[in-house]
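Enquirer: One structure is given below, represented as structure tokens, and several questions about it will come after.
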Amino acid sequence: MSSTQFEIKSYPDMWESLGMDVARFEKMRCVLGDVFQTTFLSQENRPQRMDYFNWIVSEIHGGRIREILDAKKEGRPVVGTFCVYVPEELVIAAGGICIGLCGGSQGPIPDAEKTLPRNICPMVKSAYGFKVAKVCPYFQSVDFVYGETTCDAKKKTWELLNREVPTYVMEIPQMKRERDRTLWFEEVKDFKAQIEKVTGKTITAEAVTEAVKIMNNKRKALQRLNRLQHHNPSPISGKDVLLIEQIAFYDDPVRFAEKVNLLCDELDERVKKGIAVAPASAPRVLVSGTPMAMPNWKAHNLVEKAGGIVVNDESCIGTRYFKDLMDENMTDLDSQLKALTDRYMKIDCSCFTPNDDRVDQVLKEYRDSGAQGILHYCLQFCHTYNIEAIKIKEACEKAGIPFLAIESDYSPEDIGQMQTRIEAFLEQIKG
Amino acid sequence: MVVGVDLGSRTIKVAAVEDSRLVDFRIAESGYDPHRQSLEMIKGYHPARIIATGYGRHLAKRHFADDVITEIKAHALGARHFFPECRTIVDVGGQDTKVIALDESGKVLNFQMNDKCAAGTGRFLEIMASSLGYGLSEFGAEALKGKGDVRISNMCTVFAESEVISLKNHGTLPADIAKAVHISVIERLVAMLARVGYEDTVVFTGGVAKNPAAVNLLKERLDIRILLPEPPDIVGALGAALYGT
Ligand code: SF4
Ligand code: SF4
């Protein structure tokens with residue numbers, strides 16, 4: 001794909017039929033295309049097989065939507081999600097599709113602020129705004145939105161969102177005791193019943209076994225990519241890995257795993273030949289914190305523009321999504337659902353208390369990735385991550401790890417200040 | 001000779017260094033065209049290298065500077081030049097406030113900068129001064145005379161300004177209001193220092209270090225020794241120049 005021709009494909013008729021504000025959406029589409037051009041396609045020495053992911057972006061509002069609409073016609077469930085705490089395996093077992101809805105853009109925030117308070121996190125405002133302004137074809141296509149109780153802004157917004165689109169809420173426990181596990185197990189069973197209600201079909205143990213394999217393969221592919229990303233000098237930019245991880249939330253899982261593995265084959269070759277996207281001396285940064293919904297590329301972009309490289313992302317867009325696999329040998333539904341429960345209870349979202357596991361995990365990933373500093377990225381008003389950053393900072397101080405906490409939103413107005421902080425952080429790493 | 005240029009939001013500072021000695025410096029308003037202003041200011045020097053820092057550093061790099069460093073690193077280098085042992089630096093400039101912690105060898109260990117708003121910066125003092133009808137230096141002198149029993153409770157500059165006006169309308173003495181405004185700035189600074197951690201001597205740089213009320217209050221609140229470079233506002237430019245030698 002020649003870099004000057006990049007365009008996100010337009011499907012006005014399909015959008016029209018989805019009840020979207022097409023004129024408004026057209027503008028957003030062009031902006032996204034331009035940003036993608038300058039942020040991604042202008043990178044030097046990108047791996048060849050990023051082509052697939054570029055193509056996926058070019059079809060973000062068309063090709064993938066068509067696939068979703070086709071699935072819906074066949075009675076397969078389509079679920080919009082905002083959290084990695086959704087038992088995706090059950091959706092897939094019903095032949096369905098999980099779509100990570102974005103909420104990473106400034107554009108629709110003013111629409112949300114007509115209703116929602118201003119001082120809640122930009123993720124919630126952006127997502128809600130996408131729906132009320134009718135400028136997201138995914139939102140317009142889903143059977144229902146999966147909401148969860150991980151933070152106050154979310155759980156209360158679901159009540160309002162439910163007026164616009166059916167919103168099914170699961171209670172995520174906020175501690176990890178036995179009784180919380182029991183609660184979550186019950187929630188998982190209810191979720192299965194919900195999917196069965198939407199499809200009118202029963203989920204079988206065989207179907208779950210298949211789904212577990214599909215998800216494991218996808219997660220293994222992402223783990224492999226993550227290990228390659230750790231190589232010094234890096235064969236791929238942190239920005240590209242972030243993009244792939246974001247695409248993981250809405251692409252078809254089987255095709256996606258295959259394409260990630262093909263890319264990894266190329267990266268293996270690059271490592272052997274010593275082809276890299278940054279010199280071995282580039283400061284290596286681990287990003288940790290609030291997940292970055294598409295198209296929030298701010299932090300990674302600033303780090304890499306300033307000459308650093310992101311070598312790991314400990315967030316739900318990154319390792320938190322794929323670090324844990326599931327046992328594939330379960331054959332009856334009850335043990336499958338229990339195993340599913342256990343797998344999801346390992347996620348160390350900052351909504352949990354206590355949550356020291358996350359601190360250990362961040363330090364472990366720091367060592368495994370050969371990073372030289374930790375950038376804790378937090379969305380404004382995301383209290384749990386913001387407060388938990390203090391414990392991560394203390395752990396870093398104890399271990400002598402350079403640490404920088406940044407709080408930001410999606411607006412461009414603080415880019416200058418963020419840039420200064422990040423450049424100073426890279427200077428600090430270089431010593 | 002190496003020249004350091006600190007393109008700040010309000011003023012531009014230039015420092016010329018030869019054999020690691022400061023030989024000359026210049027300070028001027030940034031004006032509407034900081035690029036041209038910088039060029040004016042380095043006229044007459046024949047530097048081997050020009051290093052830029054401050055908000056406008058990347059602009060300078062595009063036009064005339066050989067390299068750039070951040071304000072954080074520049075202040076670390078500059079402060080160490082004046083006080084070779086120092087471990088903590090506070091810089092209160094026009095639009096931003098920084099606290100920097102160094103290790104024994106002068107490496108940056110940790111730093112903090114204020115967030116987007118102007119609370120706690122020189123600009124905050126300036127706005128409050130003008131709403132009381134003072135010039136900046138008068139404002140500091142006046143604050144020295146204040147009793148210190150009045151408080152400004154708003155962090156937001158806009159609200160703080162209306163608070164100042166309402167105090168004035170209630171007949172509170174201007175000196176007491178001036179002191180309250182300074183206290184509010186210094187309390188923000190103390191909180192930042194606490195988060196970064198500080199040693200028993202702190203180097204105070206930036207334009208606000210010229211304000212005796214601010215310096216006194218910081219000394220009082222923390223019970224520490226305060227070291228003032230002379231002049232305090234060229235530390236960044238000097239650090240940039242030193243980086244280039
Ligand atoms: S950070 Fe927490 S709430 Fe957000 S996606 Fe991750 S698990 Fe879900
Ligand atoms: S970013 Fe934080 S505050 Fe926002 S929805 Fe996620 S958990 Fe809640």
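The values are calculated or read from the model by the stated rules, or taken from the named source; none is laboratory data. If you're wondering where the values come from, they're calculated on a predicted model, not measured in any experiment. Cβ atoms come from the backbone with ideal geometry, glycine included; neighbour counts cover every protein chain shown. Accessible surface areas use protein heavy atoms only, side chains included; no ligands, DNA or RNA. Shrake-Rupley method; radii C 1.70, N 1.55, O 1.52, S 1.80 Å.
Enquirer: Taking segment A:174-186, which residues are within 14 Å of ligand 1 (Cβ to nearest atom) and farther than 13 Å from A:LYS155 by Cβ?
Expert: Hits for segment A:174-186 are A:LYS176, A:TRP184.
Enquirer: Quick check: anything in segment B:18-34 assigned to a loop (DSSP other than H, G, I, E, B), more than 14 Å from every other protein chain (Cβ to nearest Cβ), within 13 Å of B:GLY239 (Cβ to Cβ) and within 19 Å of the chain's Cα centre (by Cα)?
Expert: For segment B:18-34, residues assigned to a loop (DSSP other than H, G, I, E, B), more than 14 Å from every other protein chain (Cβ to nearest Cβ), within 13 Å of B:GLY239 (Cβ to Cβ) and within 19 Å of the chain's Cα centre (by Cα): absent.
Enquirer: With segment A:316-431 as the region, which helices (runs of 4 or more DSSP H) entirely inside it contain at least 3 residues that are more than 14 Å from every other protein chain (Cβ to nearest Cβ) and of a type outside the set (Val, Ile, Thr)?
Expert: Here the list reads A:319-322, A:333-345, A:356-369, A:383-399.
Enquirer: Within segment A:22-60, count every residue that is in a loop (DSSP other than H, G, I, E, B) and loosely packed, with under 14 Cβ neighbours inside 10 Å.
Expert: 3
Enquirer: Condition check: more than 14 Å from chain B (Cβ to nearest Cβ), surrounded by 19 or more Cβ atoms within 10 Å (Cβ to Cβ) and more than 16 Å from ligand 1 (Cβ to nearest atom). Does A:VAL277 satisfy that?
Expert: yes
Enquirer: Is there a residue in segment B:102-110 that is more than 12 Å from chain A (Cβ to nearest Cβ), under 30 Å from B:LYS179 (Cβ atoms) and open to solvent by 60 Å² or more (accessible area, probe 1.4 Å)?
Expert: Looking through segment B:102-110, none of the residues is more than 12 Å from chain A (Cβ to nearest Cβ), under 30 Å from B:LYS179 (Cβ atoms) and open to solvent by 60 Å² or more (accessible area, probe 1.4 Å).
Enquirer: Going through A:THR384, A:THR353 one at a time, which residue ends up being within 26 Å of A:PHE130 (Cβ to Cβ) and within 15 Å of ligand 1 (Cβ to nearest atom)?
Expert: Answer to the check: A:THR384.
Enquirer: State all residues of segment B:37-60 that are more than 14 Å from every other protein chain (Cβ to nearest Cβ) and either aromatic (Phe, Trp, Tyr) or at positive phi (or both); if no residue qualifies, say none.
Expert: Residues satisfying the conditions are B:GLY44, B:TYR45.
Enquirer: Considering each residue of segment A:130-170, count those that are within 15 Å of ligand 2 (Cβ to nearest atom) and either within 18 Å of A:CYS382 (Cα to Cα) or open to solvent by 50 Å² or more (accessible area, probe 1.4 Å) (or both), and give that number.
Expert: 14
Enquirer: How about segment B:134-158: which of its residues are outside any loop (DSSP other than H, G, I, E, B) and within 15 Å of B:PRO212 (Cα to Cα)?
Expert: B:LEU136, B:SER137, B:GLU138, B:PHE139, B:GLY140, B:ALA141, B:GLU142, B:ALA143, B:LEU144, B:LYS145
Enquirer: Do we have any residue at all in segment A:328-345 that's free of Cβ contacts under 8 Å to residues at least 60 places away in the same chain, surrounded by fewer than 24 Cβ atoms within 10 Å (Cβ to Cβ) and either within 19 Å of the chain's Cα centre (by Cα) or within 16 Å of ligand 2 (Cβ to nearest atom) (or both)?
Expert: For segment A:328-345, residues free of Cβ contacts under 8 Å to residues at least 60 places away in the same chain, surrounded by fewer than 24 Cβ atoms within 10 Å (Cβ to Cβ) and either within 19 Å of the chain's Cα centre (by Cα) or within 16 Å of ligand 2 (Cβ to nearest atom) (or both): present.
Enquirer: Of the conditions (1) within 14 Å of chain A (Cβ to nearest Cβ); (2) buried (at least 19 other Cβ atoms within 10 Å of the Cβ); (3) more than 15 Å from B:VAL202 (Cβ to Cβ); (4) in contact (Cβ under 8 Å) with a residue 40 or more places away in the chain, B:VAL99 clears all except one; give me its number.
Expert: Failing condition for B:VAL99: (3).
Enquirer: I'd like the full set of residues that are crowded, with 24+ Cβ neighbours inside 10 Å and either among the small types (Gly, Ala, Ser) or away from ligand 2 (no atom under 16 Å from the Cβ) (or both), limited to segment A:305-318.
Expert: A:GLY308, A:ILE309, A:VAL310, A:VAL311, A:ASN312, A:GLY318
Enquirer: Continuing with this model, one more query. May I ask you to verify whether B:ARG36 is over 25 Å from B:GLN112 (Cβ atoms) and open to solvent by 70 Å² or more (accessible area, probe 1.4 Å)?
Expert: Criteria met by B:ARG36.
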